[in-house]
1. Assuming 0.36 nm per residue, please report the length gained on full extension of the stretch ILE78 to GLU129 beyond their Cα-Cα distance.
2. Say R0 is 25 Å: what FRET efficiency, to the nearest 0.05, do ASN104 and GLU202 get from their beta-carbon distance?
3. Each label point is 7 Å from the Cα along the Cα-to-Cβ direction; what then is the distance between the points at ARG95 and GLN217, in nm?
4. How about LYS204: which lysines have a C-alpha closer than 18 Å to its C-alpha, ignoring those fewer than 8 places off in the same chain?
5. List every residue whose amide H lies under 5 Å from the amide H of MET98, counting only residues 5 or more places away in sequence or on a different chain, with H placed 1.01 Å from N in the peptide plane.
6. For segment 127-202, what is the accessible area per residue in Å², given a 1.4 Å probe and the full set of protein chains?
7. Work out the FRET efficiency for ALA85 and LYS148 from their Cβ-Cβ distance, taking R0 = 41 Å, and round it to the nearest 0.05.
8. From the backbone phi of segment 14-23, what are the Karplus-calculated ³J(HN,Hα) couplings (6.51 cos²θ - 1.76 cosθ + 1.60, θ = phi - 60°) in whole Hz, Gly and Pro given as x?
Amino acid sequence: MLEAVTRTLAPSNPKIFARGLNVTYGKKQAVIDVNLDVIDRSVTSLIGPSGCGKSTFLRCLNRMNDTIPSCRVMGSIIFDGQEIAEYDPVFLRSRIGMVFQKPNPFPKSIYDNVAYGPRIHGMAKNKAELDNIVEDALRKGAIWDEVKDRLGSVGTGLSGGQQQRLCIARAIATKPEVLLMDEPCSALDPIATAQIEELIHELKKNFCVIIVTHSMQQAARVSENTAFFHLGNLVEFGETQKIFTNPDDPRTESYITGRIG
């Protein structure tokens with residue numbers, strides 16, 4: 001059934017897709033035979049109870065799980081027509097950026113937080129080019145107007161919502177094509193959450209965005225497509241409106257209505 005769902009939704013040329021993906025931590029299997037296509041310039045939400053495999057799946061997409069000795073990833077993940085296992089991990093992560101659950105700016109200036117990646121990857125020939133990259137990223141992160149007069153201030157001095165938008169700006173400064181977000185609003189208040197959701201709507205114009213969220217309301221607000229994970233399985237994947245109003249699998253309906261999870 002899962003493959004049929006994938007074929008129904010799949011575009012002719014998905015930006016990134018998984019086939020037969022299995023992930024284990026030692027003897028525990030966290031992701032079980034997942035097939036999933038992700039469309040470019042759209043938002044895909046991953047929902048499901050805690051421990052269902054959605055964050056593990058997300059971290060597979062830019063090989064973050066490579067850093068965990070007990071983790072074993074089997075199956076295929078294709079990004080722009082190439083197996084991600086064939087990419088240099090540093091280069092892959094410059095093209096598939098990530099924003100984490102808790103804002104984690106470096107203990108550096110606002111400017112240096114954003115300039116860090118472009119410097120490592122040699123994206124600027126001089127200070128003027130670097131200045132332009134930093135300004136562009138901060139504008140795309142919807143925080144430029146708030147910090148343009150204090151770029152030398154330490155990023156950790158910003159509010160929680162500002163720190164998260166700074167981290168988004170840092171992630172997009174290397175000009176990635178895919179942006180992964182792992183519960184980006186869980187540590188934020190409702191006002192900051194609304195700002196991040198508005199930013200996500202803007203980001204999808206230029207990026208492929210994949211977001212893990214425990215908030216079904218957030219998934220409904222920001223995403224075009226939604227994948228429901230349960231006990232390591234991809235139970236259902238489809239257009240967000242259909243998933244929330246007329247799901248095919250009774251487990252999806254049970255989760256959405258609060259009977260499981």
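The values are calculated or read from the model by the stated rules, or taken from the named source; none is laboratory data. The structure presented is a predicted model; accordingly, all values stated were derived computationally and were not measured. Virtual Cβ from ideal backbone geometry, glycine too; neighbours counted across all protein chains shown. What goes into the accessible areas is simple: the full protein's heavy atoms, side chains included, and nothing from ligands, DNA or RNA. Shrake-Rupley method; radii C 1.70, N 1.55, O 1.52, S 1.80 Å.
1. Numbers: separation 51, 0.36 × 51 = 18.36 nm, distance 3.23 nm.
So the extension gain works out to 15.1 nm.
2. Numbers: r = 22 Å, r/R0 = 0.88.
My answer for the efficiency is 0.70.
3. 3.9
4. List returned: LYS15, LYS140, LYS175.
5. The answer is LEU180.
6. Working: 3190 Å² over 76 residues.
Ligands and nucleic acids excluded, the figure is 42 Å² per residue.
7. Details: r = 41 Å, r/R0 = 1.00.
That pair, ALA85 with LYS148, gives E of 0.50.
8. For segment 14-23, the Karplus-derived couplings read x, 5, 8, 8, 10, 9, x, 7, 10, 10 Hz, x marking Gly and Pro.
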